[in-house]
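S.K.: Take this structure first; my questions come after.
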Amino acid sequence: MIIGIDDTDSNEGMCTTYLGAVLLEELQIYGIVETLPFLVRLNPTIPYKTRGNAAIALKLKTNCPEKAIAYILSRIEELAHMDCEKTNPGAVFILEKEYENLKLVLNNFLTDAIVDVIEIQKAKNIISKYGIHSKGFKNGRGLIGALAACGAMLNPEEMDYTFEYLAYRRKEKYGTPRKVYKESFFEADRETYPKTWDTVDLTNKLVVCIPHSFDPVLFGIRGENPEIVTKAAGIIRSESVKRFAVYRTNQGTDMHLLPATNIAEIRNMHSYKLEGTVSAAPNTIHGGHVIFPLRDGSGEEIDCAAFEPTKNFRAIVRRLMSGDRVILSGSVSSGTLNIEKMEIKYLVPFYAEENPKCPNCGKHMKSAGQGQGLRCKKCRIRTPSKIRYEVKRDVEVGLYEVPPCARRHLAKPLIREKRSETRVYPSR
Ligand SMILES: [Zn+2]
């Protein structure tokens, strides 16, 4: 049986991945938990999401699915923060005999839930059409993520995925400052990077894998396989860990990006990979955000932004000039593309002018007056104009990304890029 759960978290101390970790332990009385659980991040631009827009799926081999289902629903009722307005849990149960029939339909649903904006009704329609066992609490919005997470568990071979080791706090510590030895996170990074990422941000000297919120997560280590995230977690020194879980996840895969062939097709609340030409020099506005217009082949334009939280990435963006050709990845809201990654394909040549030197004495010649050309006063030599010469641009062609402290969950870090023909500048 596959169990999908979503939207049990609140801003005050619950998190769907934690409920998953609890169930991993408790469900052993009903059978055997097979394979690692799945943590699925959905469309990052959805405004009504709780915190991270994460849903989970577990796989349980059991002879008594009815009992397991009743138990899971009772635990959701106990542990989810039902009184929180934004918490609308959903649970979906798929029996083994239904796997084949639902594989494709739920794989498509998963993709839609990540790249698109889905109404609850669409999830409810699939549930009723296929007679899927499910339970939506309150407005049932969690059914969307629960169904999508089942789609991932049914189709791991269809998708790219990474891993996250999540360590959870003791309950009595919730809401108190997390006691962690920061240096141990830098040590874990040194030992396991680039197979792990986003543990720390070296440029900005930050530990980035610790949430600031009230929730039960103490820290999360992201990486390429279960062994390496477990190794990194073992290096970390902190307050005692109540429990942990290693999730398979679509984090760090770029699964949210749609290829856009032109700007006219771009819609708010979607994420794209878009190629175009910088049509004016980037402008730094109030608050430190850097914005420039990008133009496509049809002449259509869209504002693209490196917002203040992207820190040092803005320095690269500021060096762009009108005429540069780039491929941008990012989410669109309020008509602005929020840049996550940028490939600079072509840099326009930049020219400067200078006064030529006098061929006789070697000193720079000076203007002889409006429209009079240049001259060396001493040697009485004249020349009609300044010399134009190409200046090396202060940025290179290649792939750039926002620093770890600004990374979206779904954005694929450049260290995961396997491209030999392009220069890659990973941020760490
Ligand atoms: Zn001279």
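S.K.: Any residue in the stretch 67-78 that's under 13 Å from residue 24 (Cα atoms): show its pairings with residues that are outside any helix (DSSP H, G or I) and among the β-branched types (Val, Ile, Thr) at Cβ separation under 6 Å, as long as the two are six or more apart or on different chains.
M.R.: Close Cβ pairs (under 6 Å, with a partner that is outside any helix (DSSP H, G or I) and among the β-branched types (Val, Ile, Thr)) amount to 68/62.
S.K.: Among the numbered conditions (1) among the polar types (S, T, N, Q); (2) touching a residue at least 40 places away in the same chain (Cβ under 8 Å); (3) surrounded by fewer than 16 Cβ atoms within 10 Å (Cβ to Cβ), tell me where residue 128 comes up short.
M.R.: (2)
S.K.: The conditions are (1) closer than 16 Å to residue 246 by Cβ; (2) modelled with pLDDT of 95 or more; (3) of a type in the set (Phe, Trp, Tyr), and residue 30 fails exactly one of them. Which is it?
M.R.: (1)
S.K.: Return the residues of the stretch 1-44 that are in a loop (DSSP other than H, G, I, E, B) and among the polar types (S, T, N, Q); say none if nothing qualifies.
M.R.: Here is the first cut: in the stretch 1-44, the residues in a loop (DSSP other than H, G, I, E, B) are 1, 7-15, 30, 34-37, 42-44.
Passing the criteria: 8, 10, 11, 35, 43.
S.K.: Being touching a Phe, Trp or Tyr at 6+ places or on another chain (Cβ under 6 Å), touching a residue at least 40 places away in the same chain (Cβ under 8 Å) and more than 30 Å from residue 111 (Cβ to Cβ) is the filter here, so list the residues in the stretch 281-316 that pass it.
M.R.: Once the filter is applied, which keeps residues that are touching a Phe, Trp or Tyr at 6+ places or on another chain (Cβ under 6 Å), touching a residue at least 40 places away in the same chain (Cβ under 8 Å) and more than 30 Å from residue 111 (Cβ to Cβ), the stretch 281-316 yields only 316.
S.K.: Suppose the filter is basic (Lys, Arg) and either part of a helix (DSSP H, G or I) or under 29 Å from residue 31 (Cα atoms) (or both); does residue 190 pass it?
M.R.: So residue 190 fits the description; yes.
S.K.: Looking only at the stretch 330-361, count how many residues are surrounded by 17 or more Cβ atoms within 10 Å (Cβ to Cβ) and away from the ligand (no atom under 16 Å from the Cβ).
M.R.: Result for the stretch 330-361: 13.
S.K.: Which numbered condition trips up residue 315, out of (1) away from the ligand (no atom under 16 Å from the Cβ); (2) more than 22 Å from residue 257 (Cα to Cα); (3) in contact with a Pro (Cβ under 9 Å, 6 or more places away or on another chain)?
M.R.: (3)
S.K.: Consider residue 176 against the criteria (1) open to solvent by 30 Å² or more (accessible area, probe 1.4 Å); (2) in contact with a strand residue (DSSP E or B) (Cβ under 7 Å, 6 or more places away or on another chain): it satisfies all of them except one. Which criterion is unmet?
M.R.: It is condition (2) that residue 176 fails.
S.K.: Can you give me the number of residues within the stretch 54-113 that are β-branched (Val, Ile, Thr) and part of a helix (DSSP H, G or I)?
M.R.: Here the count works out to 5.
S.K.: I'd like the full set of residues that are within 21 Å of residue 130 (Cα to Cα) and free of Cβ contacts under 8 Å to residues at least 60 places away in the same chain, limited to the stretch 79-110.
M.R.: 97, 98, 100, 101, 102, 103, 104, 105, 106, 107, 108, 109 - these are the residues of the stretch 79-110 that are within 21 Å of residue 130 (Cα to Cα) and free of Cβ contacts under 8 Å to residues at least 60 places away in the same chain.
S.K.: Going by what's in this entry, would residue 168 be described as out of contact with any Asp or Glu (no Cβ under 8 Å at 6 or more places or on another chain), of a type in the set (Ser, Thr, Tyr), surrounded by 15 or more Cβ atoms within 10 Å (Cβ to Cβ) and modelled with pLDDT of 95 or more?
M.R.: Yes: the conditions hold for residue 168.
S.K.: Here is a list of conditions, (1) at pLDDT 95 or above; (2) crowded, with 17+ Cβ neighbours inside 10 Å; (3) among the hydroxyl-bearing types (Ser, Thr, Tyr), and residue 87 meets all of them except one; can you say which number that is?
M.R.: Condition not satisfied by residue 87: (1).
S.K.: Quick check, is residue 229 in a loop (DSSP other than H, G, I, E, B), among the aliphatic types (A, V, I, L, M) and not assigned by TED's automatic domain parsing to the domain that holds residue 312?
M.R.: Values: in a loop (DSSP other than H, G, I, E, B): no; among the aliphatic types (A, V, I, L, M): yes; not assigned by TED's automatic domain parsing to the domain that holds residue 312: yes.
In short, no.
S.K.: For the stretch 195-226, give me each residue that is open to solvent by less than 20 Å² (accessible area, probe 1.4 Å), of a type outside the set (Gly, Ala, Ser) and assigned to a strand (DSSP E or B).
M.R.: 196, 197, 200, 201, 217, 218, 219, 221
S.K.: Which one is farthest from the ligand (Cβ to nearest atom), of the residues in the stretch 362-409 that are in a loop (DSSP other than H, G, I, E, B) and touching a Pro at 6+ places or on another chain (Cβ under 6 Å)?
M.R.: Applying the filter and picking the extreme gives 408.
The values are calculated or read from the model by the stated rules, or taken from the named source; none is laboratory data. Fair warning: this is a prediction, and the values are worked out from it, not measured in the lab. FYI the Cβ positions are ideal-geometry reconstructions off the backbone, even for glycines, and counts take in every protein chain you see. SASA here: full protein model, heavy atoms, side chains in, ligands and nucleic acids out. Shrake-Rupley method; radii C 1.70, N 1.55, O 1.52, S 1.80 Å.
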